[in-house]
Amino acid sequence: MITYLPRFLPVGDQPFELAETCVTVAQYAIYLAATGGEVTHSADDADKPVVNVTYHDAGAYCAWLSKETGTSIRLPTEKEWQLAASPDGRTYAWGNEEPDHDRCDFWQAGKTGPDSVFAHPSGAGKYGHLGLAGGVWEWTSSLYASGGSFRVLRGGSWFFVAKDE
């Protein structure tokens, strides 16, 4: 079932929540329709993560969603994202076991795009977040420590191999 709002989950005893999944095509399409943007994704991809979103697009979506809901919604910092993905030093969100297609979305022969944001429930992190490895790169609000204006990305991509096979 496609819902209007992302589902936000608390991260331990930290004073923030992070969306359970990446923003879906359906959720982003509602934003585009409301703001006069052009919807370019297929309805068949409704529960897949939206792709080709710039940092500024992601910030605009958060600002719009904040206004619509009356709740402050923003991109996580790198530290917040990392706490959700690996709060106790685990290698991956699900633990230390190697990546496989049950846990995360990565490249395989014939694959043409990311899977549904709900396709890998056994890859959930300690607090229930999905898609923290593979799938799509996720924006954070943090700048790289080396300076400049480059933002930190986290997660990974369906387009990359998870390990040497």
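Does GLY59 qualify as being out of contact with any Gly (no Cβ under 7 Å at 6 or more places or on another chain) and at positive phi?
No.
Given the structure, is GLY59 part of a helix (DSSP H, G or I) and farther than 22 Å from ALA124 by Cα?
So GLY59 passes the test.
Considering only the stretch 91-116, state which residues are part of a loop (DSSP other than H, G, I, E, B), open to solvent by less than 20 Å² (accessible area, probe 1.4 Å) and over 19 Å from THR54 (Cα atoms).
ALA93, PRO99, CYS104, PHE106
Filter the stretch 128-165 down to residues that are at pLDDT 95 or above, among the aromatic types (Phe, Trp, Tyr) and part of a loop (DSSP other than H, G, I, E, B), then give me how many there are.
1
Among TYR55, TYR28, which is the only one that is under 14 Å from the mean Cα position of the chain (by Cα), open to solvent by 40 Å² or more (accessible area, probe 1.4 Å) and not basic (Lys, Arg)?
TYR55
What are the residues in the stretch 65-76 that are open to solvent by 30 Å² or more (accessible area, probe 1.4 Å) and assigned to a helix (DSSP H, G or I), if any?
Scanning the stretch 65-76 gives LYS67, GLU68, THR69.
Name the single residue, out of those in the stretch 127-154 being touching a Phe, Trp or Tyr at 6+ places or on another chain (Cβ under 9 Å) and without any contact (Cβ under 8 Å) to a residue 60 or more places away in the chain, that is farthest from LYS79 (Cα to Cα).
It comes out as GLY134.
Among the numbered criteria (1) hydrophobic (A, V, I, L, M, F, W, C); (2) modelled with pLDDT under 90; (3) in contact with a helix residue (DSSP H, G or I) (Cβ under 6 Å, 6 or more places away or on another chain), which one does ALA109 miss?
Every condition holds for ALA109 apart from (3).
The values are calculated or read from the model by the stated rules, or taken from the named source; none is laboratory data. Because the structure is a prediction, the values reported are computed rather than measured. Cβ atoms come from the backbone with ideal geometry, glycine included; neighbour counts cover every protein chain shown. Each accessible area value is taken on the protein alone, full model and side chains, heavy atoms only, with ligands, DNA and RNA left out. Shrake-Rupley method; radii C 1.70, N 1.55, O 1.52, S 1.80 Å.
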